[in-house]
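In what follows, a structure is listed as structure tokens, so that the remarks can point back to it.
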Amino acid sequence: MIKIVQRKTKVSIECSHADWGFLEWCLEEGLLAWVDVEDEETDNPTGLDSALRAWKRNGRPCSVAEIPVINRKED
């Protein structure tokens, strides 16, 4: 089950390992839309200036592998 938790200052996505493949695919598809984006706000897929700023702020990732992962496995 995929769960999105919205707080005042952050949003987190929680899912089981069984759901991670689907979630990863969704993220990859969304990031692929940004691959050929220029620096102008009219070129971004969402058309929102805030989305373009967020993408730049996060290092312009084009794949899920470029997003930092915090692995908190409980042994």
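Kindly evaluate Ala33 against the criterion of being among the small types (Gly, Ala, Ser) and surrounded by 11 or more Cβ atoms within 10 Å (Cβ to Cβ).
Numbers: among the small types (Gly, Ala, Ser): yes; surrounded by 11 or more Cβ atoms within 10 Å (Cβ to Cβ): yes.
Criteria met by Ala33.
When only residues in the range 36-70 that are part of a loop (DSSP other than H, G, I, E, B) and of a type in the set (S, T, N, Q) count, which is nearest to Trp20 (Cα to Cα)?
Quick first cut of the range 36-70, residues part of a loop (DSSP other than H, G, I, E, B) only: 36-40, 44-48, 58-63, 67-70.
Subset that is of a type in the set (S, T, N, Q): 44, 46, 58, 63.
Values: Asn44: 26, Thr46: 24, Asn58: 21, Ser63: 15 Å.
Going through the qualifying residues, I end up with Ser63.
Return a yes/no flag: does the range 24-46 have any residue that is touching a strand residue (DSSP E or B) at 6+ places or on another chain (Cβ under 9 Å), among the β-branched types (Val, Ile, Thr) and without any contact (Cβ under 8 Å) to a residue 12 or more places away in the chain.
Scanning the range 24-46, I find no residue that is touching a strand residue (DSSP E or B) at 6+ places or on another chain (Cβ under 9 Å), among the β-branched types (Val, Ile, Thr) and without any contact (Cβ under 8 Å) to a residue 12 or more places away in the chain, so the answer is no.
For Glu24, are the conditions met, namely being acidic (Asp, Glu) and within 18 Å of Val69 (Cβ to Cβ)? Walk me through it before giving the result.
Details: acidic (Asp, Glu): yes; within 18 Å of Val69 (Cβ to Cβ): yes.
Yes, satisfied.
All of the numbers you see were taken from the coordinates with simple rules; none came from a lab. Everything numeric here is computed off the predicted structure, so don't read it as measured data. Glycine also receives a Cβ, built like all others from the backbone with ideal geometry; neighbour counts cover every protein chain displayed.
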